[in-house]
Amino acid sequence: MAKTLKLTMAQAVVKYMTAQKVLVDGEIQPLFAGVWAIFGHGNVAGLGEALYQVQEELPTYRAHNEQGMAHAAIAFAKTDNRRRMMACTASAGPGSTNMVTAAAVAHVNRLPVLFLPGDTFATRMPDPVLQQVENFHDHTLTSNDCFKPVSRFFDRITRPEQLLTSLPQALRVLTDPVECGPVTLALPQDVQTMAFDYPESLFAEKVHRLRRQAPDTTELGEAVAQIRGSKKPLLIAGGGAHYSGALAELDDLVSALQLPVGETQAGKGALPWDHPCNMGSIGVTGAVSTNTLAAEADLIIAVGTRLGDFASGSRAMINPKARILSVNVASFDAVKHRSQPLVGDAKLALPALLAGLHDWRPEKAWTERCASLRAQWNETVDRACADKGRELPSDAEAVGAVNRAAGERDIVVCAAGGLPGELQKLWRTRYDRGYHVEYGYSCMGYEIAGGLGAKMARPDSEVFVMVGDGSYLMLNSEIATSVMLGHKIIVVVLDNRGFGCIHRLQQFCGGPGFNNLLEDCKTVEAGAPKTDFAAHARALGARAEQVGSIAELEAALDRARASDITYVISLDTDPLADTKDGGSWWDVAMPEVSERAEVVAAREVYESHKARQKENL
């Protein structure tokens, strides 16, 4: 008879988690680096008791905001290339639904997080309970059903024995290169405390390794033939190249074949910025060099990217006559844009392509054009990042100052507003983990919490968080968490007095300044208050200062690097200034009818781009 262990459902979940290991660089490590928890009545007695028993094996971290702690977990997984991960638990009701936005971030970016939200009583004996959302036509629904569309796997554990089938499925998804994403196990607070005789075998140590799918031989042959038929190819490196661990193979391929490379937001850092094949970023916030090549190329080789609208210029930037070869582990992504799919792990697919192309090269004129465009773009970056001595600096000048302060293995973190565009164009890194911008969901409020998660994954790196005043005000509480946990980050707040990025987009669409910059909002006669970000950060336990110029920012960054705790620097910037060089059209729908002549004119421009877009459909 099989040996059993009598455990509560919550204890079984935790014990199963501690049994999961992963092979990282030849070393076996715990798969789960910890659990973020904000306790309430929905999880403190069950899961809280279980976590208390295993603090040495599975540390529990307390945060100040449920969404913030989930962002930290996401950033940890991203920084660690999806090899290790964290779990998040909150109480039934608002504590759990506060994590739904973060679950969407993880889902869009294909990043693993285990969500363990407390849920209402499965027995329904005390219903309706505190914070229960009653559904009038379906009593099986709770507020945690909001997790369903933003989870790659969802289950509600209404009996303790259901873990026997649910837990293996949850781990399958979290560790699968194709299915990877957030998993939600909703845990009713009464069932968390119910006991069951679990087989000991459920808790046997399991060492996870990245499953690598080799490319199909027929698809590989077709891909080789497609590249051989090309004279002006452009390779686009996406996040999948990082998650595959295929950066050496990518370098081997492009160096041997002299292939120009453009990087997406998720792909940036796949090659060192000064690699001769690195043309810069691509797309709506792309470099002139790369976007010019995309418009002229006869073949796009997409490696580990979905070619979303920002990478493809909303399908209007790429030469409509160009063919697309998509190397992707997920067939769901490989067939987008009418691509020729090469389904397989990049670490296996790229060497296979190189083996079939050893005697092929692009035409010489194309290689020479790539080198010329690359040199011109690097000069553009130098100019954009230089201190102009202006009263209100641009974001680009601030990016240049932070980039100069960053070391070879330091990390920049950002997510929303105009800064991701400036960073994608201008940030230079040779470190493959040095650029961390969440631009799949582009979630305002991710930045500071994300910086904390990145620091936990790479404690030896300085982590620079670049954040606008809008995002800072949305979610800043994890500054206090970083101080409490001793994970120092450097936060640079660029204050343009509102949502400057959307203000500029509003003007591009023909609209007047309205409800974005604070001066254009409905306010009292005295106007909106000037936020003292440095004072606020000091109140959260950080060291902080306000600076008034790029020179002062550079001096403050030296002090920040020397600090042993989180350091916040605030700088006022120009809301109207952005880097005009580079970029491409973005499909933001404009009104067909308007009383404003500016909107009518913008609509005409919009329709001309839509015509180009249709050529690529």
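The values are calculated or read from the model by the stated rules, or taken from the named source; none is laboratory data. All of these numbers come straight from a predicted model, not from anything done at the bench. Positions of Cβ are generated from backbone atoms using ideal geometry, with glycine treated the same way; all protein chains shown enter the neighbour counts. For accessibility, only protein heavy atoms count, side chains too; no ligands or nucleic acids. Shrake-Rupley method; radii C 1.70, N 1.55, O 1.52, S 1.80 Å.
A few notes on this one:
- The chain, relative contact order in percent, only Cα pairs under 8 angstrom and at least six apart counted: 13
- Separation of the Glu607 and Arg404 label points, Cα + 7 Å toward Cβ, nm: 4.8
- Counting only Cβ charges, +1 for Lys and Arg and -1 for Asp and Glu, the dipole size of the chain around its Cα centre is about 1240 debye.
- In order along region 252-266, phi translates into HN-Hα couplings of 4, 5, 6, 5, 5, 9, 6, 8, x, 10, x, 10, 7, 4, 6 Hz, rounded to whole numbers, per the Karplus curve 6.51 cos²θ - 1.76 cosθ + 1.60 with θ = phi - 60° and x for Gly and Pro.
- 1.4 Å probe accessible area per residue over region 81-145, in Å²: 40
- Look at where the Cα atoms of region 474-523 and of region 588-617 average out, and the two centres are 28 Å apart.
- Taking a sphere under 9 Å around the Cβ of Gly468 and counting the other residues whose Cβ falls inside, with K and R at +1 and D and E at -1, yields a net charge of -4.
- Three-way shape label, region 252-337, alpha-carbon gyration tensor, a/c 1.5: rounded
- With the whole protein complex present, Thr4 retains an accessible surface near 70 Å², based on a 1.4 Å probe.
- Here the extension length gained between Thr18 and Ala539 equals 183.9 nm, from 0.36 nm per residue of separation less the Cα-Cα distance.
- Per residue, the accessible area of region 420-464 comes to 24 Å² when a 1.4 Å probe rolls over the protein heavy atoms.
- The chain, Rg to Rh (Cα coordinates; Rh as Kirkwood inverse mean 1/r): 0.98
- Amide H contacts for Tyr435 (H built 1.01 Å from N in the peptide plane; partners 5 or more residues away or on another chain; cut-off under 5 Å): Val412.
- Three-way shape label, region 187-309, alpha-carbon gyration tensor, a/c 1.5: prolate
- The residues packed around Ala528, meaning those with a beta-carbon under 9 Å from its beta-carbon, carry a net charge of +1 if Lys and Arg are +1 and Asp and Glu are -1.
- Restricting attention to region 388-532, close to 10% of DSSP beta bridges with both partner residues there are antiparallel.
- Sorting 506-516, 312-322 by average packing, meaning the other beta carbons within 10 Å per residue, from highest down gives 312-322, 506-516.
- Close amide H partners of Gly34, meaning residues 5 or more places away or on another chain with modelled amide H under 5 Å apart, are Ala87.
- Karplus-derived HN-Hα couplings along region 167-184 (A = 6.51, B = -1.76, C = 1.60, θ = phi - 60°), whole Hz, x at Gly and Pro: 4, x, 5, 4, 5, 4, 5, 4, 10, 8, x, 8, 7, 3, x, x, 10, 10
- Under 5 Å between amide hydrogens, built in the peptide plane, is the criterion, and for Leu517 it picks out Phe499 among residues at least 5 positions away or on other chains.
- With every protein chain in place, the chain: carbon and sulfur % of accessible area (1.4 Å): 53
- Taking all protein chains into account, the per residue accessible area for region 329-375 stands at 47 Å² (1.4 Å probe).
- Each residue of region 330-341 was assigned a 3J(HN,Hα) from its phi angle through the Karplus curve 6.51 cos²θ - 1.76 cosθ + 1.60 (θ = phi - 60°); the sequence is 9, 5, 4, 8, 5, 9, 5, 6, 6, 6, 6, x Hz, with glycine and proline shown as x.
- Region 454-590: antiparallel DSSP beta bridges as a percent of all, rounded to 5: 5
- Within straight-line cross-link reach of Lys336, aspartates and glutamates at Cα separation under 16 Å, skipping those fewer than 8 residues along the same chain: Glu219, Asp309, Glu615
- Taking the centroid of alpha carbons for each part, region 49-118 and region 134-199 are 15 Å apart.
- Antiparallel bridges, percent of DSSP beta bridges restricted to the chain (to nearest 5): 15
- Ranking His137, His337, His436, His358 from most to least accessible surface, computed with a 1.4 Å probe over the protein chains only, gives His137, His358, His337, His436.
- Leading residue at positive end of dipole, the chain (Cβ point charges), from Leu518, Asn291, His41: Asn291
- Remark: relative contact order (region 236-377) = 26 percent; criterion is Cα-Cα distance under 8 angstrom and separation of 6 or more residues.
- Shape category assigned to region 310-400 from the gyration tensor of Cα positions, a/c cut at 1.5: prolate
- Set of lysines near Lys522 by C-alpha distance (under 19 Å), chain-local residues within fewer than 8 positions excluded: Lys530
- Using the Cβ of Glu592 as centre and a radius below 14 Å, the other residues enclosed give a net charge of 0, where K and R count +1 and D and E count -1.
- Once C-alpha pairs closer than 8 Å and six or more residues apart are averaged by separation and normalised to the residue number of region 1-89, the relative contact order reads 33 percent.
- Put the Cα centre of region 223-248 next to the Cα centre of region 282-354 and the gap is 8 Å.
- Measuring between alpha carbons in the structure, the pairs from Lys321/Lys614; Lys321/Lys580; Lys231/Lys321; Lys15/Lys148; Lys232/Lys321 lying more than 21 angstrom apart are Lys321/Lys580; Lys15/Lys148.
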